[in-house]
Structures are given as structure tokens and as C-alpha cells.
1. Accessible surface of Ser160 in the full protein assembly, 1.4 angstrom probe, to the nearest 10 Å²?
2. Note the full-extension length gain between Met85 and Met49 as 0.36 nm times their separation in residues minus their Cα-Cα distance, in nm to one decimal.
3. Calculate the dipole size of the range 37-120 relative to its Cα centre from +1 charges on Lys and Arg beta carbons and -1 charges on Asp and Glu beta carbons; express the result in debye to the nearest 20.
Amino acid sequence: AARRGNIRIMSDDRTSLHRAHPHRWDVPGTLILSLGLLIAGQVLPFMEMQKLIFFKDGYSLPRSIWAMWTNGDYFLAVVIFLFSMVFPFSKLVLLLAIWFAPFDAAMRDRTLHWLAAVGKWSMLDVFVVAVLLVLTQASAMVSATPRVGLYLFAGAILLSMVATMMVSHAAKATDGE
């Protein structure tokens, strides 16, 4: 293994980023924090809607997806499910795998490039909820209030974007770019 500054460049083509950067506790810490925020944000209510004066109901992400599905909005339910539940969780698990498991440089680079490109779509549902909140504020019959789940989810997505950049920078430093 060759050294360049404080970064050890591995002569083996397959190495984990954790081995190449053993003192980088911030990367796995950010990933684990993001994963915790994501799970909490997905299951806690992210919006409370009040119809007229009497009817108040809270909506979490799974409940909203189920409501879309039962109302026949199958396409929207599937898109929100994939981009709000499946993809963010899979992205974080894959980033943890990239950090701890040995990958060859080319595969790691392709995977990180794909995650960065597709990861921008994770904010789509936060945008949809924000638009919904603005639209319901204009109605005299319905009001909507953001709840903790929305903030936790948005925080998780932003942290996962930061973590993706951190992993990418560590990979570039390891691969000698």
C-alpha cells in the first residue's frame, strides 16, 4: 500500500473505504443518523389536516400512500412509495455497504454516480407536501399543518445528500483522483 499524505492508497483493487480512512467516524455517523431520521420521518405524522372545524386527522407517509392506493391513484402511490420509502432507505444501506465492504474502484464510482444522480429526486415528496400545504391554506374548508415527520424526513434526505458527497470524496481520495 502506498501513502499520500494521511491517506493510504491501497494497491489492491478492492478495498473498503473504512479501511482506507479508519479515522473518519463522521461518515458512518452521518449515515446512521440519516437512517434513524429517515425511519422516524417515514412513520411519524408529517401532516395534519383539519376539515371544517371538527375533523382533524394526521397523515404519515405509509398512511398517505395507502390512501392514494385505495382511492385508485395507483401510479402516484407507487411513485411516492418508491422515491419516498424504498429509494432513500436503499440508498443509505448501499452507502453503508460502500463504506464498510470492499468494492473495486470502478464499481464504487459507478454506484456513487448513480446514487448522486437519482438522489436528487428524493426531495420530490417534500416538495409535493409543501405544495399541498400551500394549496390547503388557500381553502376555507381545509387546513393543513406540517408535523414532525416532515421535518425529520427532509433532514434525513439532506443528510443523505451530504453523506453521499462525503463518501464520494473519500472514494476519490482513496482511488488517487
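1. Number for this one is 10 Å².
2. Length difference between fully extended and current span is 10.8 nm.
3. Using only the charged Cβ atoms, the result is roughly 60 debye.
The values are calculated or read from the model by the stated rules, or taken from the named source; none is laboratory data. Small disclaimer: the values here were computed from a predicted structure and weren't measured. Note that each Cβ is placed from the backbone with ideal geometry, even for glycine, and that neighbours are counted across all protein chains shown. With ligands, DNA and RNA removed, areas are computed over all heavy atoms of the protein, side chains included. Shrake-Rupley method; radii C 1.70, N 1.55, O 1.52, S 1.80 Å.
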